[in-house]
Amino acid sequence: SKVFLYNKKFEGLPKESDFKLVEENVPALKDGEFLAEAAYLSVDPYMRAYAVGLPTGIPMIGGQVAKVIESKNSKFPVGSYVHGQFGWRTHTVDNGATVNMMPTYVLPDFGSLPPSLGVGILGMPGNTAYFGFLELCQPKDGETVVVSGAAGAVGSIVGQIAKIKGCKVIGIAGSEEKGKWLVDELGFDHFINYKTQDIEAMLKKLAPKGVDCYFDNVGGETTDKVMLNMNTFGRISMCGAISGYNGAPAKIVQFPIVQKQLKVEGFIVTRWADRWMEGIEQLSKWIKEGKLKYRETVTDGFENMPKAFIDMLKGGNTGKAVVKA
Ligand code: NDP
């Protein structure tokens, strides 16, 4: 059994040498416990943001979908898949208590959907999009919605939910290929490439009537520009600020909040822990109805976790970045 330790404090963009792969002994099972083997592990931006406050030498934090391979707990029979915050490790002995916390469920029968979706659209990122967008932005039919980080795990779902709700959707992301996916396959109305295009000029052109809802995954300059184009009483859901995670923290432009009487609210998805399965069920229903599409960028091999994590922070992923153990 193997585990990656958070070995050196991240400075700027994390490096592979910031992690250390070590062997770990698997303890014998006690009554009520099970042994789970990692099947799909998640690499997420929050790991970069939270690591600042963590001591080095501890196992890297993270969620995974794991298969129960031994069990002394009838609620978790051999062969079932669980989702747990087990960290970056291949094998975990658990009693189910943490598995029953967020974001936690034994994957029900989702038909032909793969268990890896438990760390993506049918897990934490899916519910981040579902609750973070619908509850905070309260989108209405015909409104204009802008999503930053649009081609990522959360953003790609937010834009599609906005389409389901009858909105005009503009996605902002970092490559033409991502833009093509958003518009041609996911049904976004427009795409802005923040690396090559003038966001302000593009918004004036693509959203001449202004922006009603903004779902923000990135912060920084992109957000400054979107803020300046918000309509009066616009709503902003502050989900993340990845543009600041590897360097200077993101700032926000304050004047438009006053001038346009904006409602700006941040959130952490665990706020809806008690409604967790409502989100997962609605998302899986939309997938089955063909209204919601997903993509995963899968890296093979547990030993490639640091690489997958760094690639994701650099924008190498389209949709959810996942590691297949
Ligand atoms: P993504 O799948 O979107 O992956 C990260 C993406 O961020 C990259 O693909 C890259 O795409 C983009 N990116 C990297 N650097 C920058 C930059 N400097 N400026 C703009 N974009 C950048 O990750 P998630 O969907 O998992 O997470 C998206 C955001 O949501 C993050 O900020 C995360 O912290 C937040 N989050 C918040 C939660 C909450 O409860 N509040 C829960 C889950 C996620 P590109 O090619 O477009 O640059």
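Read-outs throughout are calculated quantities, based only on the coordinates presented, and are distinct from any laboratory measurement. Keep in mind that what you see is a predicted model, and the values were worked out from it rather than measured. Please note: Cβ atoms are built from the backbone with ideal geometry, for glycine as well, and neighbour counts cover all protein chains shown.
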At a threshold of 8 angstrom on Cα-Cα distance, excluding pairs fewer than six apart, so keeping six or more, what relative contact order does region 124-270 reach in percent?
23 percent
After finding the eigenvalues of the alpha carbon gyration tensor for the chain, what semi-axes result from the square roots of 5 times each, listed largest first in whole Å?
35, 22, 17
Structure-based [θ]222 nm, the chain - -39500 (n - 2.57) summed over DSSP H runs of at least 4, per residue, nearest 500:
-7000 deg cm²/dmol
Work out how much length Ile257 to Met277 would gain on full extension: take 0.36 nm times their residue separation and subtract the Cα-Cα distance, in nm to one decimal.
3.8 nm
Most packed first (mean Cβ within 10 Å per residue), the peptides 7-20, 221-234 order as 221-234, 7-20
Taking the highest mean first, how do the peptides 189-198, 123-132 order by number of other beta carbon atoms within 10 angstrom per residue?
123-132, 189-198
Cα-projected label distance for Glu11 with Glu23, points at 7 Å along beta-carbon direction, nm
3.3 nm
Which cysteines in the chain lack any other cysteine whose Cβ sits under 4.7 Å from their own Cβ?
Cys167, Cys239
Full-stretch length increase - Val52, Lys75 - with 0.36 nm per residue and alpha-carbon distance subtracted:
4.7 nm
Using only alpha carbon pairs under 8 Å that are at least six residues apart, calculate the relative contact order of the chain and give it in whole percent.
18 percent
Given Lys178/Lys320; Lys205/Lys285; Lys165/Lys288, which pairs have Cα atoms separated by over 24 Å?
Lys205/Lys285
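Ordered by packing density, taken as the mean number of other Cβ atoms within 10 Å over each peptide's residues, highest first, how do 73-81, 159-167, 203-211 rank?
159-167, 203-211, 73-81
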